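Trainee: Pasting a structure below so you can have a look.
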Amino acid sequence: MTGAARLDPSVAGGEGARSLTAGDVARLVGGTLAGDGAVTVTGVAPLDRAGESDVSFLAAARYAPLLERSRAAVVLVSPDLADAAAAAAVRARVVVDRPHEALLAVLPALYAPPPRTPGVHHTAVIGTGARLGSDVTVGPYAVIGDGASLGDRAWVDAHCVVGAGVSVGEDARLYPGVTLYAGAVVGRRVILHSGVRVASDGFGYVYRDGAHQKLPHVGRCVVEDDVEVGANTTLDRGSIDDTVIGAGTKIDNLVHVAHNVRVGRLCLIMAQVGIAGSVRVEDGCVLAGQVGIAGHHTIGKGARLAAQAGVFGDIPPGETWSGYPARPHRVALRAQAALFKLPSLIRGIERLLGERGA
Amino acid sequence: MTGAARLDPSVAGGEGARSLTAGDVARLVGGTLAGDGAVTVTGVAPLDRAGESDVSFLAAARYAPLLERSRAAVVLVSPDLADAAAAAAVRARVVVDRPHEALLAVLPALYAPPPRTPGVHHTAVIGTGARLGSDVTVGPYAVIGDGASLGDRAWVDAHCVVGAGVSVGEDARLYPGVTLYAGAVVGRRVILHSGVRVASDGFGYVYRDGAHQKLPHVGRCVVEDDVEVGANTTLDRGSIDDTVIGAGTKIDNLVHVAHNVRVGRLCLIMAQVGIAGSVRVEDGCVLAGQVGIAGHHTIGKGARLAAQAGVFGDIPPGETWSGYPARPHRVALRAQAALFKLPSLIRGIERLLGERGA
Amino acid sequence: MTGAARLDPSVAGGEGARSLTAGDVARLVGGTLAGDGAVTVTGVAPLDRAGESDVSFLAAARYAPLLERSRAAVVLVSPDLADAAAAAAVRARVVVDRPHEALLAVLPALYAPPPRTPGVHHTAVIGTGARLGSDVTVGPYAVIGDGASLGDRAWVDAHCVVGAGVSVGEDARLYPGVTLYAGAVVGRRVILHSGVRVASDGFGYVYRDGAHQKLPHVGRCVVEDDVEVGANTTLDRGSIDDTVIGAGTKIDNLVHVAHNVRVGRLCLIMAQVGIAGSVRVEDGCVLAGQVGIAGHHTIGKGARLAAQAGVFGDIPPGETWSGYPARPHRVALRAQAALFKLPSLIRGIERLLGERGA
């Protein structure tokens, strides 16, 4: 079922194929056209899979050999590689800085997102006192709790559960099967992918009378405007105070955010990261995949954590740390380099120390 | 949407604001009242966010400066810090050991959990021969399989799927969207958060005839009384025998428990832990976040594993191990300390060995 | 509720107890019968929990002492241990290579999977132009999108959401609560466990105008024939091209596969693995639990990655790598051994270097 990776716009849910000329593409991306401006494209594909009606891009010099064989009608290319594209006889080239980023302008023009149909499915359960804004979409079998509110144009897809009193902001989008516990607050234009859980109880117990007694969690979980949260990620509510995800932050799949965490604005948190209770992640941080941060620490503004880093202390702003336990990246690299030299030195060391009676 | 973290009891689903006097609080927690016993509170908040009708607590000496600025009406404080609270002119203080733990008594008095409404939603699908106890709650669009049974007062929320023949114990609570495969056994007072999967097939294949042939898994997954399981956690069924989570154990979000695992009683398993097949975790163990345990090993009674530990052997009872591969924590710390010294020593070592012709 | 681990076939959803004689078992597994061929069994259990109508197996010499106490009626045993089983007076033995694997033949004969009832539940929502093959099963509250197609005998369980235009192959099985976004392509005989998300948006943003601008993802996510995917695993769609999971590959729970990843055929990917964007995992690779692979690398054919490995470069075909950062396993082991020797040598080294004025 793989076959050619020919992307059919109807698969992406579009209303039908759209087409652009090479000239259109150049205007869209603010680039310079070279070659035949009338060539038309209806899709986007990588160089090695492009067909004669696709636009592609040259990502880096090492992919230039792919140009020779490519059938792409139009190729976006950075200025330093414009000659390579011309030499490869690509029918139309658009010279622009950062060709991959230029796709932001091209993709939406070729692939229309499926039109959202406002309306509340007849099977949706709407609670007492729930307030639905104008032009909302509520999908089949969604459950909107008592006193909840959906902002204008919010889209709550099939099987979502929006808890009592929960507010969902304008233009927010909840994919199928999202659960917002009572205590969730979801901002405007927030996107929550399938299986996200917001405001679930934090992990809090006190050992007393021979058992782990559950500490009620009565804080909220606030997801600010323009946040996007990946599939099956879990964001716990605060124990007393709130858990907060700052505006514009983007969180990937299968991430865990514990109770009382404060994530700042415009952070990037990659898949399977785990952030323990009461951690502060300041604005603009980047956490790579599978990072773990122990409780109560602060990740300073603009810091970057390498994949699989294990953080057990505060991270200074603007720095890059890596490893377990996390250290400044250069320190970690030096330690690793030394570690891999060590086996060949150990015997000599042991002999030396033996001779010295050390 | 963050604004003040003023917790509105209605957000937590309560029936309305409740209030307590400082005297009430002192009695509830078994502490000693100092100051104005008639002061009333309606909520709980941390010192730095408390308003004039909140009760707060002083967690440790280093937070004492927050007392000066706090508007909290009542502050729970440990005996050694009682004078600091008096000096800060907090209107009423309650002197008690372990103030944070004392919240167990205060939170429920201020925040009533939403009353559970017994009843089976008219959209719930109830299978042939399913037995529902008295006063159960079954939410919208829940599916109860043939021959399943729900104990008295069990609460199965919206979109849950309870498989054929599955038993759910008295007072258990399943949050929205939980799946119990046939083979799941859920005890009394068990709490399963949204997206939990119980008794999914274990990961078992045998390579034969050029393919990975699926090994049927016919064991059960038994979740004993008083267990709580966090959001999106997966607990696989046994291949022949059972997977068991022992009574009173608490499991966090996004945890993986593989087939044939036996977790003892009263364990604490933090987020994103992965426990491979046939591992034995004995009573009272504590596994910190993102720990991984390779198959067939035993974690001895009361052992503790530090965050991100990678366990490839048995762990003796009562010990604390850390790192990858896991070692006793002190051994791991010494090795790390040595590792970070090593880069500065390497050149000298190489020179020494060179001179010695080693 | 644990009690004896007596597996009741009705719990596994079977039609009732089936029984086999020891002679039947021998024929099924192609082994040699010794002892009483007329002895009957109705279930499978491990040696230490078997009852008088169970068949069990002896996994390894170290478990031979369990034979003495076992009540199993029939024991599968490898040739080198056949005498031990006879000496332990087990009533019937079946001598066969790889006894555990032999269960493939025995389990299905004793435990009939619950018969699947073809039919579309009256509560299922079927979209415009959706095509349902013959003998499909669509469970309660499932939602099949416009233009989607289900192959013959496909089984889409309760609460699944199959997006617009999505195709699900013949004999595929979706457990409850699976979400297939538009862009998902699911092959024949694919098994997707509860909570799986296919073709969710990849994690792609470009920082522009002071915000992380979302890069539309218009590729597909193709799950080829005979793939099995564990509970709560997430498989993202490609950004332009496809994400592909190759035929016959088996993926465990809570795994993350990012956009544009290509996983080959017949791979085994264990729980909580994270594979970053544009990684290529070639045919026949084995990734143990919690492995992380950084973006754009290639894992060569037949390579094996040890649990928790952190991969930051290409892995040669056929090799086994481990650790963070991943190295060939032998190299990693030597480095670890040296590391744990180091603390006892450090002081001597420092003294030597001090004396030398190094």
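Trainee: Tally the residues that are among the hydrophobic types (A, V, I, L, M, F, W, C) and touching a Ser or Thr at 6+ places or on another chain (Cβ under 7 Å), restricting the search to the range A:59-72. Break it down into steps so the answer makes sense when it comes.
Mentor: Filtering the range A:59-72 down to residues among the hydrophobic types (A, V, I, L, M, F, W, C) leaves A:59-61, A:64, A:66-67, A:72.
Going one step further and asking which of them are touching a Ser or Thr at 6+ places or on another chain (Cβ under 7 Å), we end up with A:72.
Within the range A:59-72, residues that are among the hydrophobic types (A, V, I, L, M, F, W, C) and touching a Ser or Thr at 6+ places or on another chain (Cβ under 7 Å) number 1.
Trainee: For the range A:340-357, indicate whether the set of residues that are assigned to a loop (DSSP other than H, G, I, E, B), open to solvent by 10 Å² or more (accessible area, probe 1.4 Å), under 25 Å from C:PHE340 (Cβ atoms) and away from chain B (no Cβ under 13 Å) is non-empty.
Mentor: Start the filter on the range A:340-357 by keeping residues that are assigned to a loop (DSSP other than H, G, I, E, B), which leaves A:356-357.
Keeping just the survivors that are open to solvent by 10 Å² or more (accessible area, probe 1.4 Å) gives A:356-357.
Within this subset, residues satisfying the condition of being under 25 Å from C:PHE340 (Cβ atoms) are A:356-357.
Restricting the remaining residues to those that are away from chain B (no Cβ under 13 Å) gives A:357.
Yes, some residue in the range A:340-357 is assigned to a loop (DSSP other than H, G, I, E, B), open to solvent by 10 Å² or more (accessible area, probe 1.4 Å), under 25 Å from C:PHE340 (Cβ atoms) and away from chain B (no Cβ under 13 Å).
Trainee: Can C:LEU235 be described as without any contact (Cβ under 8 Å) to a residue 40 or more places away in the chain, closer than 25 Å to C:GLY169 by Cα and facing chain B (nearest Cβ under 9 Å)? Give the derivation first.
Mentor: Numbers: without any contact (Cβ under 8 Å) to a residue 40 or more places away in the chain: yes; closer than 25 Å to C:GLY169 by Cα: yes; facing chain B (nearest Cβ under 9 Å): no.
Taking the combined requirement at face value, the residue does not satisfy it.
Trainee: Does any residue of the range B:180-196 turn out to be at pLDDT below 95 and open to solvent by less than 10 Å² (accessible area, probe 1.4 Å)?
Mentor: yes
Trainee: While we're looking at this one, here's another question. Within the range B:98-143, can you find the residues that are of a type in the set (Asp, Glu) and within 12 Å of chain A (Cβ to nearest Cβ)?
Mentor: Step one: of the range B:98-143, the residues of a type in the set (Asp, Glu) are B:101, B:135.
Correct list: B:GLU101 only.
Trainee: To continue, here is another question. Can you tell me which of A:VAL291, A:VAL286, A:VAL311 is hydrophobic (A, V, I, L, M, F, W, C) and more than 22 Å from B:PHE340 (Cβ to Cβ)?
Mentor: On the way: A:VAL291 fails: more than 22 Å from B:PHE340 (Cβ to Cβ); A:VAL311 fails: more than 22 Å from B:PHE340 (Cβ to Cβ).
Checking each option against the conditions leaves just A:VAL286.
Trainee: OK, next. Taking the options A:GLY169, A:GLY151, A:GLY163, name whichever one is modelled with pLDDT of 95 or more and farther than 16 Å from A:ARG189 by Cα. Can you show your working first?
Mentor: Details: A:GLY169 fails: farther than 16 Å from A:ARG189 by Cα; A:GLY151 fails: farther than 16 Å from A:ARG189 by Cα.
Step by step, each of A:GLY169, A:GLY151, A:GLY163 is checked, and only A:GLY163 is modelled with pLDDT of 95 or more and farther than 16 Å from A:ARG189 by Cα.
Trainee: Still on this model: Exactly one condition in (1) out of contact with any Phe, Trp or Tyr (no Cβ under 8 Å at 6 or more places or on another chain); (2) of a type in the set (Gly, Ala, Ser); (3) over 23 Å from A:ALA258 (Cα atoms) is false for B:GLY274; which is it?
Mentor: Status for B:GLY274: all satisfied but (3).
Trainee: Now, a different point. Which residue is surrounded by the fewest Cβ atoms within 10 Å (Cβ to Cβ), if the candidates are limited to the range A:202-233 and must be among the charged types (D, E, K, R) and more than 21 Å from B:ARG98 (Cα to Cα)?
Mentor: The first filter runs over the range A:202-233 and keeps only residues among the charged types (D, E, K, R), leaving A:208-209, A:214, A:220, A:224-226, A:228.
Checking the rest, the ones that are also more than 21 Å from B:ARG98 (Cα to Cα) come to A:220, A:224-226, A:228.
Numbers: A:ARG220: 28, A:GLU224: 22, A:ASP225: 18, A:ASP226: 23, A:GLU228: 22.
In this case the residue turns out to be A:ASP225.
Trainee: Output the number of residues of the range A:162-179 satisfying the condition of being assigned to a loop (DSSP other than H, G, I, E, B), within 17 Å of the chain's Cα centre (by Cα) and not small (Gly, Ala, Ser). Spell out the reasoning first.
Mentor: Keep residues of the range A:162-179 that are assigned to a loop (DSSP other than H, G, I, E, B), which gives A:163-166, A:169-172, A:175-178.
Adding the requirement that they be within 17 Å of the chain's Cα centre (by Cα) leaves A:172, A:175, A:178.
Then keep just the ones that are not small (Gly, Ala, Ser); that gives A:175, A:178.
The qualifying residues number 2.
Trainee: Just the residues that are within 15 Å of B:VAL138 (Cα to Cα) and modelled with pLDDT of 85 or more, please, taken from the range B:96-125. Outline the logic, then answer.
Mentor: Kept after step one, since they are within 15 Å of B:VAL138 (Cα to Cα), are these residues of the range B:96-125: B:115-125.
Within the range B:96-125, B:ARG116, B:THR117, B:PRO118, B:GLY119, B:VAL120, B:HIS121, B:HIS122, B:THR123, B:ALA124, B:VAL125 qualify.
Trainee: Among the numbered conditions (1) in a loop (DSSP other than H, G, I, E, B); (2) over 23 Å from A:VAL218 (Cα atoms), tell me where B:ALA158 comes up short.
Mentor: Just one mismatch for B:ALA158, condition (2).
Trainee: While we're on this one: Within the range A:339-346, is even one residue without any contact (Cβ under 8 Å) to a residue 24 or more places away in the chain and touching a strand residue (DSSP E or B) at 6+ places or on another chain (Cβ under 8 Å)?
Mentor: As a first pass, look at the range A:339-346 and keep what is without any contact (Cβ under 8 Å) to a residue 24 or more places away in the chain: A:339-346.
Filter again for touching a strand residue (DSSP E or B) at 6+ places or on another chain (Cβ under 8 Å), leaving A:340.
So far as the range A:339-346 goes, yes, one or more of its residues are without any contact (Cβ under 8 Å) to a residue 24 or more places away in the chain and touching a strand residue (DSSP E or B) at 6+ places or on another chain (Cβ under 8 Å).
Trainee: Continuing with the same structure: Given the options A:ASP157, A:ASP146, name the one that is within 12 Å of chain C (Cβ to nearest Cβ), modelled with pLDDT of 95 or more and open to solvent by 10 Å² or more (accessible area, probe 1.4 Å). I'd like the intermediate steps shown before the answer.
Mentor: Details: A:ASP146 fails: within 12 Å of chain C (Cβ to nearest Cβ).
Unique residue meeting the criteria: A:ASP157.
Trainee: Here are the criteria: (1) more than 10 Å from chain B (Cβ to nearest Cβ); (2) touching a Phe, Trp or Tyr at 6+ places or on another chain (Cβ under 9 Å); (3) within 20 Å of B:VAL291 (Cα to Cα). Tell me which single one A:LEU287 does not satisfy.
Mentor: (2)
Trainee: Which count do you get for residues in the range B:162-177 that are more than 9 Å from every other protein chain (Cβ to nearest Cβ) and crowded, with 24+ Cβ neighbours inside 10 Å? Explain how you work it out, then say what you get.
Mentor: Step one: list which residues in the range B:162-177 are more than 9 Å from every other protein chain (Cβ to nearest Cβ), which gives B:162, B:168, B:170-174.
Then drop every residue that is not crowded, with 24+ Cβ neighbours inside 10 Å, which leaves B:162, B:168, B:172, B:174.
Residues in the range B:162-177 being more than 9 Å from every other protein chain (Cβ to nearest Cβ) and crowded, with 24+ Cβ neighbours inside 10 Å: 4 in total.
Trainee: Sticking with this one: I'd like the full set of residues that are in a loop (DSSP other than H, G, I, E, B), of a type in the set (A, V, I, L, M) and within 14 Å of chain A (Cβ to nearest Cβ), limited to the range B:180-195.
Mentor: First pass over the range B:180-195, keeping only residues in a loop (DSSP other than H, G, I, E, B): B:181-183, B:187-190, B:193-195.
When the remaining residues are screened for being of a type in the set (A, V, I, L, M), the result is B:182, B:190.
Matches in the range B:180-195: B:VAL190 only.
Trainee: I want to confirm something. Restricting to the range B:293-306 and keeping residues that are surrounded by fewer than 21 Cβ atoms within 10 Å (Cβ to Cβ) and not in a strand (DSSP E or B), which single residue is modelled with the lowest pLDDT? Before you say what the answer is, go through the steps one by one.
Mentor: Step one: of the range B:293-306, the residues surrounded by fewer than 21 Cβ atoms within 10 Å (Cβ to Cβ) are B:295-298, B:300-302, B:304.
In the following step, the residues that additionally are not in a strand (DSSP E or B) were identified as B:295-297, B:300-302.
Working: B:GLY295: 96, B:HIS296: 93, B:HIS297: 97, B:GLY300: 98, B:LYS301: 98, B:GLY302: 98.
My answer is B:HIS296.
Trainee: Can you report the number of residues in the range B:245-279 which are within 8 Å of another protein chain (Cβ to nearest Cβ) and more than 16 Å from B:VAL291 (Cβ to Cβ)?
Mentor: The qualifying residues number 2.
Trainee: Continuing with the same structure: Looking only at the range B:239-259, count every residue that is modelled with pLDDT under 95 and either open to solvent by less than 10 Å² (accessible area, probe 1.4 Å) or within 14 Å of B:ILE275 (Cβ to Cβ) (or both) and tell me the total. Before the answer, list the steps.
Mentor: First, the residues of the range B:239-259 that are modelled with pLDDT under 95: B:239-242.
In the following step, the residues that additionally are either open to solvent by less than 10 Å² (accessible area, probe 1.4 Å) or within 14 Å of B:ILE275 (Cβ to Cβ) (or both) were identified as B:242.
Number of matching residues: 1.
Trainee: Quick one: how many residues across the range B:307-334 are in a helix (DSSP H, G or I), more than 10 Å from chain A (Cβ to nearest Cβ) and surrounded by 16 or more Cβ atoms within 10 Å (Cβ to Cβ)? If you could, list the steps in order and put the result at the bottom.
Mentor: Of all residues in the range B:307-334, those in a helix (DSSP H, G or I) come to B:329-334.
With the extra rule that they be more than 10 Å from chain A (Cβ to nearest Cβ), the set shrinks to B:329-331, B:334.
The next check asks that each one be surrounded by 16 or more Cβ atoms within 10 Å (Cβ to Cβ); those that pass are B:329, B:334.
Of the residues in that region, 2 qualify.
The values are calculated or read from the model by the stated rules, or taken from the named source; none is laboratory data. For clarity, every value in this text was computed on a predicted model and none was experimentally measured. Note that each Cβ is placed from the backbone with ideal geometry, even for glycine, and that neighbours are counted across all protein chains shown. Calculation scope for accessible area: heavy atoms of the full protein, side chains included, ligands and nucleic acids excluded. Shrake-Rupley method; radii C 1.70, N 1.55, O 1.52, S 1.80 Å.
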